[in-house]
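Working notes, beginning with the structure itself.
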Amino acid sequence: MDINYKVLKSLSSNVVVSEKDNNVYILLGKGIGFGKKTGELITKASNIEQKFIKIDDNEKDNYVEIVKNVEGKILAVTEEVISLAEDMLGEKLTSRIHIGLADHISFAMKRMEVGIDIINPFLNEIQTLYPNEYNIAEKASKLIKEKLNVLFPESEIGFITLHIHSSRVNEEVSQSLKYTRIVKEVMEYIQELLGIKTNQKSMEYARLVSHLRYALDRIESDKVMKNVILESVKTQMSEEFEISKKVCKFISKKLLKEVCEDEVGYISMHIHRLKQSN
């Protein structure tokens, strides 16, 4: 049986926002929006290559607002970026990204038009923590340049990365940004305690950054990853263990949570590797 979708807005020849049974759908497919007017019907059975993406019920009102207030061509590119991300990751992203990313790209373009340059102080951490998402965001930037003739700076590629990552893990972008900021501050504190400046592109730096990111998640959710060699770490890496205790006290103040000794031990091991590599 054919299923008909009523056009709410045609964003481009390849992207349409539609409605069916009081639900909002984004339709993607080559030529799907060509010449389509508001109120016209599109039949799902007409082209099996098309994507029909349902906006979650709790997000649909916000998405309809975005459709009203953001230029169609920006929304269309946003949907192509999301589709690209899902294809490259081989997974569905949460519905929230359709609102957050469209809003971000639109606002970023307005900032650039008036010459406001936004600095992304967490760029290195974002690249290290989310390399797959960053790779997709770089491709997204090329797509934006091709479709909208706007060249996004690296700082904006970093922010797009956060939107993609947050949607993968069903987390608010603000939460991802918070963790990224704390990781940066902790890494700076570790280097200050060690009296060294580490190579941010080194494997040891990347491993510690990655460990810290997931340690923050464990600490906030009261999860403990048992450290079976804790006693050995205390004796064989006593200096690093003392530094790690200071680091974990720093983290504790940031999260308002106690950090268990198992975690202190793991961070000690990473600090030891970082010292050895310097």
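The values are calculated or read from the model by the stated rules, or taken from the named source; none is laboratory data. This is a predicted model, so every value here is computed, not measured. Glycine gets a Cβ as well: all are built from the backbone with ideal geometry, and neighbour counts include every protein chain shown. Please note that ligands, DNA and RNA were not included when accessible areas were found on the heavy atoms of the full protein model with its side chains. Shrake-Rupley method; radii C 1.70, N 1.55, O 1.52, S 1.80 Å.
See the values below:
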quantity	calculated
Which numbered condition residue 153 fails, given (1) closer than 23 Å to residue 273 by Cβ; (2) open to solvent by 20 Å² or more (accessible area, probe 1.4 Å); (3) not charged (D, E, K, R)	(1)
Residue count for region 228-254, restricted to those that are among the charged types (D, E, K, R) and more than 33 Å from the chain's Cα centre (by Cα)	4
Search result, residues across region 143-170 that are in contact with a helix residue (DSSP H, G or I) (Cβ under 8 Å, 6 or more places away or on another chain) and of a type in the set (D, E, K, R)	147, 154, 156, 168
Filtered residues of region 233-255 (kept if surrounded by fewer than 12 Cβ atoms within 10 Å (Cβ to Cβ) and either of a type in the set (Lys, Arg) or over 19 Å from residue 190 (Cα atoms) (or both))	235, 253
Which listed residue is free of Cβ contacts under 8 Å to residues at least 24 places away in the same chain, in a helix (DSSP H, G or I) and closer than 23 Å to residue 180 by Cβ, from 65, 138, 125, 133	138
Matching residues in region 98-115 - criterion: being among the small types (Gly, Ala, Ser) and open to solvent by 20 Å² or more (accessible area, probe 1.4 Å)	100, 115
Given (1) farther than 15 Å from residue 124 by Cβ; (2) in contact with a Phe, Trp or Tyr (Cβ under 7 Å, 6 or more places away or on another chain), number of the condition residue 213 does not satisfy	(1)
Candidates 12, 95 - the one that is open to solvent by 20 Å² or more (accessible area, probe 1.4 Å), closer than 25 Å to residue 157 by Cα, assigned to a loop (DSSP other than H, G, I, E, B) and in contact (Cβ under 8 Å) with a residue 12 or more places away in the chain	12
Region 156-171, subset outside any helix (DSSP H, G or I) and free of Cβ contacts under 8 Å to residues at least 24 places away in the same chain, residue least open to solvent (accessible area, probe 1.4 Å)	171
Qualifying helices (runs of 4 or more DSSP H) (wholly inside region 178-278; at least 1 residues being farther than 30 Å from residue 166 by Cα)	230-236, 238-255, 261-277
